[in-house]
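Structure first, then comments.
We did not get these values from a lab; they are worked out from the coordinates using the rules stated. The shown structure was predicted, so the numbers you read here are calculated from the model rather than taken from an experiment. Note: ideal-geometry Cβ built from the backbone for every residue, glycine included; neighbour counts use all protein chains shown.
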Amino acid sequence: MKKALISIKGFQAAQYSDEESFELVTDGEYSLDDGVAKFSYMESELTGYAGMKTSFVVEPGRVVLIRAGGLNGEMIFSEGRKHHFVYETAYGSLMMGIDTQSVTHQMDENGGDLEIHYVIDVDNVAMSRNSFKINVK
């Protein structure tokens with residue numbers, strides 16, 4: 001893996017609260033091997049996940065987000081498909097679903113762009129609309 005600058009813009013419109021957005025620019029690592037892009041970075045207190053490592057694996061047809069350290073979890077984004085995942089918290093685990101609306105990416109040996117739009121549900125009840133726009137260089 002090589003050093004990279006990772007810029008993330010996120011948006012969330014939750015069912016019972018105001019819309020929220022955030023921006024994060026952080027140092028991380030990036031690699032591209034056999035058409036699979038991987039990048040990761042350490043979370044901070046600003047994101048609410050201090051001490052955790054967040055990794056993205058970008059493959060043809062899907063993206064996997066993996067969080068490790070303290071709270072562990074894996075989210076799979078495949079356009080037009082719904083995936084379930086266990087979200088671990090300090091108070092216990094929740095079974096949640098991700099209904100991916102769209103995934104677009106252009107990644108090469110120098111980095112690239114990734115955009116994901118999705119809906120999160122709990123017990124098949126939509127809780128929020130979300131999106132990420134990520135640039136890696």
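The alpha carbon centroids of the range 6-53 and the range 76-137 are separated by 11 Å.
The modelled label-to-label distance between E74 and S7, using points 7 Å beyond Cα along the C-beta direction, is 3.2 nm. In straight-distance terms, cross-link reach from K2 covers every one of the lysines whose alpha-carbon lies under 23 Å from its own, apart from those fewer than eight places away in the same chain; here that gives K38, K53, K133, K137.
Cβ-to-Cβ counts within 10 Å put I98, I76 in ascending order as I76, I98, the fewest first. What's the exposure ranking of K82, K38, going from fewest to most Cβ atoms within 10 Å? Listed from fewest to most nearby Cβ atoms, that is K82, K38. Annotation: for a label point projected 7 angstrom from Cα along Cα→Cβ of F85, residues of the range 15-37 with backbone N closer than 17 Å are 37.
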